[in-house]
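What follows is a set of notes on a single structure, which appears directly below.
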Amino acid sequence: HVAAGQATIVLIRRAFAVRESRRDAPTHLAALVLPLLALVADESHCLRRVDALAQIDTLVETVPTNYRPFITRTETLVQPLLCHVDPVVASTAASILAGLTRSKGTEDAWNELLRTALGSMRDLVNIALGGVEETVVGSGQDTLSSFPAFSFPDVPTFCTLAHRYRILAGLCRILLTGRFSVAVAIPIPEILDHVRRVLALTPVLRARSNPRERSLSLLEVESILPLLHQYALDVVDALVTGTHALMIPHCR
């Protein structure tokens, strides 16, 4: 089944690599996309959904302009999958959403998705700090306060918070390092301020010498901090890769 899915992806890439196929793409796409979206909507077949997402991702990457008639329907189905527990499903959903900004081809589309991803990362950090803010040194204020966030159907637990943060950081990475057809304004100071906030989350207990006095919530925060640090630094790495010399004024 997996081999068949991979073979379909190869066929899609090769088919639309031919100039005539690209010219006729609008005619063929509906027959390809609509059944794939139906599979994505069907939660009863996990493997089929994973294959369908991968094939949609390939179509968006291969013929981004011709995919425009299916953008709204795809976003509606794929966006909630960013918080899916399966990392393959969630990361493929992130890749599709990033690809759809190329289909739209506007600076506003790119900026909106990046800011929404960053705003959602801010909210996850706020959730992690809930109830333990007073014991955290250097938590500071997040300058992403004006950024929007995704409307996820649930509030993540500590078991899923770091996973969701990783997916959103990966979405930022794709946007910051990927190709885009128009110039975009990257919110470098806001991204760096958020990363500084995450890296400064070093819990200090009022009675550190007595481990028994550590609260459960604080222990949970400490357990996911290394992961949040790693994923935040991944965003900085993508920022440097995507902006090059533009980062020089922010290197102090």
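The values are calculated or read from the model by the stated rules, or taken from the named source; none is laboratory data. These numbers come from a predicted model, not from an experiment. With ideal geometry, Cβ positions are generated from the backbone for all residues, glycine too; neighbour counts draw on all protein chains shown. The area values use the complete protein model at the heavy-atom level, side chains included, leaving out ligands, DNA and RNA. Shrake-Rupley method; radii C 1.70, N 1.55, O 1.52, S 1.80 Å.
Only residues of the stretch 155-169 count here: report those whose backbone N is under 17 Å from the spot 7 Å along Cα→Cβ of CYS46, or say none. Answer for the stretch 155-169: 160. Here the accessible area of the stretch 34-160 is 55 percent carbon and sulfur, with a 1.4 angstrom probe and all protein chains present. Amide H contacts under 5 Å for PHE150: SER120, restricted to partners 5 or more places along the chain or on a different chain, H placed in the peptide plane at 1.01 Å from N. Express in Å², to the nearest 10, the accessible area of SER145 obtained by rolling a 1.4 Å probe over the protein heavy atoms while all chains stay in place. Approximately 90 Å² for this residue. Across q = 0.16 Å⁻¹, the stretch 31-123 modelled as identical point scatterers on its alpha-carbon atoms has Debye log10 I(q)/I(0) values of -0.61, in the order of the q list.
Taking a ≥ b ≥ c as the square roots of the Cα gyration tensor eigenvalues, the stretch 33-191 comes out oblate, since a/c reaches at least 1.5 and a/b does not exceed b/c. For the pair the stretch 155-169 and the stretch 75-113, the centres of their Cα atoms are 16 angstrom apart. Between ASP154 and GLU75, the distance separating the two model label sites (each 7 Å from Cα on the Cα→Cβ line) works out to 2.5 nm.
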